[in-house]
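Take a look at the structure below.
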Amino acid sequence: MPATSMDQLVNLCKRRGFAFQSADIYGGLQGVYDYGPLGVELKNNIKAAWWRSMVYERDDVEGLDTSILTMRKVLQYSGHESTFSDPLQDCKKCKARFRADHVKDGKCPECGSTDLTEVRSFNTMFKTNFGPVDDGSVFVYLRPETCQSIFTQFKNVIDSTARKVPFGIAQIGKSFRNEITARNFMFRQREFEQMELEFFVKPGTDLEWMEKWKDYCLKWWEAQGLDLSKMNVHDIAKEDLAHYSKKTYDLEYQFPHGLDELMGIADRQDYDLGNHSRHQEELNLVAHVHKNPDSTAKLAVYDEEEKKWYVPFVIEPSIGVDRAFLAIMTEAYNEEKLPNGETRTVLKLKKHLAPVKVAVIPLKRNNEQIVALAHQIKTDLLKTGIGRVMLEDSGNIGKAYRRHDEIGTPLCITVDFESIEQSPATVTLRNRDTMAQERVAVADLPKYLKEFFGA
Ligand code: ATP
């Protein structure tokens, strides 16, 4: 049975070291999480899988890693400074603050009082002092999304790579939003990570590319283990689209708290490059942009066939890494009834995402020969490049299997007396999903594992 409540995941994450609330020992910082020893591995594996699919396996995407500190002008011209805000209301009775669109029938969602303030705007961007003066007069923003610097570096990337449209720029990095209602575990946080791709296309081909990217993304989610029958492609109604968007798909997933947005794919037309470009009046922009007397670059490309400059449209598939983490954990979590009546919790993660690929378990932690062979096997297997191989010398084989089922380790290798007494040496290999055990020669392990993990 998969995870049915957020509590199951929160408990597993804390118990086994996937994620903890930030500053837990001081009561916790709301809406901010720290990834633990296994969480950092899973998160890195998710990001590596995305980078591989978006950058390495394609021939039309480059990567970028830009700064978090963002010059004010960037977010003024992008439109964020004037619009990146939530309309809010306060309850005068219980003092709760909530988003105005969460108020039903004029009642406070916390206590039901109808004594509410007027709707006010609350800017969700974090800012911080920049340079030696500490009076707030010179500040920068912590970026609220990773993509703005992809637009501001568009010309540098083109000039340095000679890329031609259609092509994309991918980036993974932290974003910050002072969310009013940070909740549902890592679903809505104040500090989170995004994997964003800006794919630049010729106007007129944009809707075609929207479909291609929707299909590519769905396939990617399936490869990460999500059941597509639990996903919904929400084609945003015209009247609900942002003014610059021609079309947007929200890919939604059945999280423990309900069906909710996992990622967005938006046709943003020429709004972003147009906003940051000089000489906007010469560019026949479709989107309604902010006048920009400060930019020093024309963010356009030359069409050799039509002999004219144009601003590419952009298709943006944007994923929250933390939401990906939560969806993948939700899907992988399983409580299984065993034939002997016991229940086991097993994380059926795809092999490439598993934080630990193989656990090598010496049956007796005080037997020098067994421990030395286990060490040797670990060292040899690491060289295969399959990922993390861990020496698990807790001493109790039953507990070790339970722990590795719970953290999703696909294979356990047990080194026992037979391993050191017989020649050629063999070990027991146990499969997480089937729990089947087989005896394999130590010399065959690297080949076996390379095939198993497709490395
Ligand atoms: P929502 O409607 O849930 O607030 P959004 O439409 O504002 O999300 P975008 O600005 O399109 O989100 O950001 C792209 C992706 O970044 C989202 O689909 C989501 O996966 C992720 N994301 C956005 N805000 C957060 C957050 N506060 N915490 C975690 N992930 C987030």
Residues that are in contact with a strand residue (DSSP E or B) (Cβ under 6 Å, 6 or more places away or on another chain) and more than 30 Å from VAL32 (Cβ to Cβ): which strands (runs of 3 or more DSSP E) entirely in the range 228-323 hold 3 or more of them?
313-320
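Name the strands (runs of 3 or more DSSP E) wholly inside the range 31-140 in which the number of residues that are modelled with pLDDT of 90 or more is 2 or more. Write out each step before concluding.
Values: elements: 33-35, 61-64, 85-90, 97-99, 120-123, 126-129.
By residue number, 33-35, 61-64, 126-129.
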Within the range 242-271, track down each residue that is closer than 30 Å to VAL301 by Cβ and more than 12 Å from the ligand (Cβ to nearest atom).
HIS243, TYR244, LYS246, LYS247, ASP267, GLN269, ASP270, TYR271
Quick check: is even one residue across the range 307-316 away from the ligand (no atom under 16 Å from the Cβ), in the same structural domain as GLN171 (by TED's automatic domain parsing), on the phi > 0 side of the Ramachandran plot and modelled with pLDDT under 95?
yes
What is the number of the single condition among (1) within 16 Å of the ligand (Cβ to nearest atom); (2) not assigned by TED's automatic domain parsing to the domain that holds GLN30 that PHE192 does not meet?
(2)
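For residues in the range 144-188 being among the aromatic types (Phe, Trp, Tyr) and not in a helix (DSSP H, G or I), which is nearest to GLY31 (Cα to Cα)? I'd like the intermediate steps shown before the answer.
The initial filter retains those residues of the range 144-188 that are among the aromatic types (Phe, Trp, Tyr), namely 151, 154, 167, 176, 185, 187.
Retained after the next criterion (residues that are not in a helix (DSSP H, G or I)): 167, 176, 185, 187.
On the way: PHE167: 35, PHE176: 11, PHE185: 8, PHE187: 9 Å.
Only one residue fits best here, namely PHE185.
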Residue under question is GLY387, and the condition is that it be touching a residue at least 40 places away in the same chain (Cβ under 8 Å) and among the small types (Gly, Ala, Ser); does it hold?
yes
May I ask you to verify whether THR161 is within 11 Å of the ligand (Cβ to nearest atom) and polar (S, T, N, Q)?
no
How about the range 368-409: which of its residues are touching a helix residue (DSSP H, G or I) at 6+ places or on another chain (Cβ under 7 Å) and in a helix (DSSP H, G or I)?
GLN369, ILE370, LEU373, ILE377, ASP380, LEU381, GLU406
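For (1) aromatic (Phe, Trp, Tyr); (2) loosely packed, with under 15 Cβ neighbours inside 10 Å, each residue gets a yes or a no:
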site	(1), (2)
PHE199	yes, no
TRP209	yes, no
LEU218	no, no
LYS230	no, no
ASP235	no, yes
ALA242	no, yes
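The values are calculated or read from the model by the stated rules, or taken from the named source; none is laboratory data. Computed from a prediction, not measured in an experiment: that's the story for all the values here. With ideal geometry, Cβ positions are generated from the backbone for all residues, glycine too; neighbour counts draw on all protein chains shown.
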